[in-house]
1. For K103, go through the lysines and keep the ones whose alpha-carbon is under 20 Å away, minus same-chain ones fewer than eight residues off.
2. Going Cα to Cα from K176, which lysines come in below 26 Å? Please leave out same-chain ones fewer than 8 positions away.
3. In what sequence, highest mean first, do 171-178, 93-100, 41-48 appear when ranked by Cβ atoms within 10 angstrom?
4. Ranked highest first by the average count of other Cβ atoms within 10 Å around their residues, in what order do 181-190, 103-112, 210-219 fall?
Amino acid sequence: MDTLIEFAAETETPMTEADWQVAHTIAQTLVQQEMDVNELGKAIAYLRFAIQQNPENAGTQFFKYLKTLVSQGKSIGHSGKTPEYYRNLDKACRSHLQPYQVKPLLLLHILGWTARLIRYYKEGGVIGEPLTTPQTAPAATTQVQESERQAEIRAIAQSQNFQVGQQIAATVKNIKGKEVTYELPGGIKLTVKEPKKFGELSVEQAVQVEILELRENGIPKKVKSVS
C-alpha cells in the first residue's frame, strides 16, 4: 500500500502558495507546542482511511475524529501529555483547516506536508524562514514511511473497533494448502490455518469470519470462517 505522503503527492489537487503557508503555520505552531508528530501521523492515517471508505464525507469524519480524540484523550492516550497533544492538534486544525473540510484530498496533502515540515523544524530548520516548495522540503525516509503505516493500522483498528467473538465480512484472497488469506474491513490481510474449511473456500469468495484473538493494537490476530 502506498505511504501517506506518496498518496497525498499523487492527488490531482496542487497546493497553492496559500495552502503551503497553512502547512507551515500549523507545523510551526505544533513544533512550538512540542507536538509528538506520531500523533499527527495517526490523524493523517485516519483521514486517508476515511477517504478510501467515503470520499465525500471524509472531511467531516476527520473533524469528528479530532473531537473524539479530545473528549477521550485521557482514556486512549499512552502518556500524560497525549490529551494535550490532541487538544493542540484539534485547535490547530479547526483554526486553519476548516475551509478544506469539503476538499479532503487537499486536506490530506496539506497535513502530509505539515508532518514532514514538523520533522524538518525539529531537526534544525529555522522557524520564521519557512520552505515554500516541495523541491526544497525534507524528503520522506523509510523510517517515516514505516511509522505512518503503523499509524494507519492503528487508525483502522480505532475506526473498526474490532472485538473478540465478533463476526465480520471478509474476502478470501489466497489459499495455500490449509492456509487461507482473508482480507478484512480496512484492507487488513490475515493468513490463518483453516484445516476444516480450506477445501470449501475459493479465491475472491465473500465469507463471514469470527474474530478469535486481537493484537495489542486492536487488529485481529486470529480468525476462523463461520460461513
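Computed from the coordinates by the stated procedures, all read-outs in this text should not be read as laboratory data. All figures in this text were calculated on a predicted structure; none of them were measured in a lab. Cβ: placed from backbone, ideal geometry, glycine included. Neighbour counts: every protein chain shown.
1. Hits, sequence-local ones excluded: K42, K64, K67, K91.
2. K189, K193, K196, K197, K221, K222, K224
3. On the way: 171-178: 14.2, 93-100: 16.2, 41-48: 24.5.
Averaged packing, sorted descending, gives the order 41-48, 93-100, 171-178.
4. Values: 181-190: 16.7, 103-112: 23.0, 210-219: 13.8.
In descending order of packing, they fall as 103-112, 181-190, 210-219.
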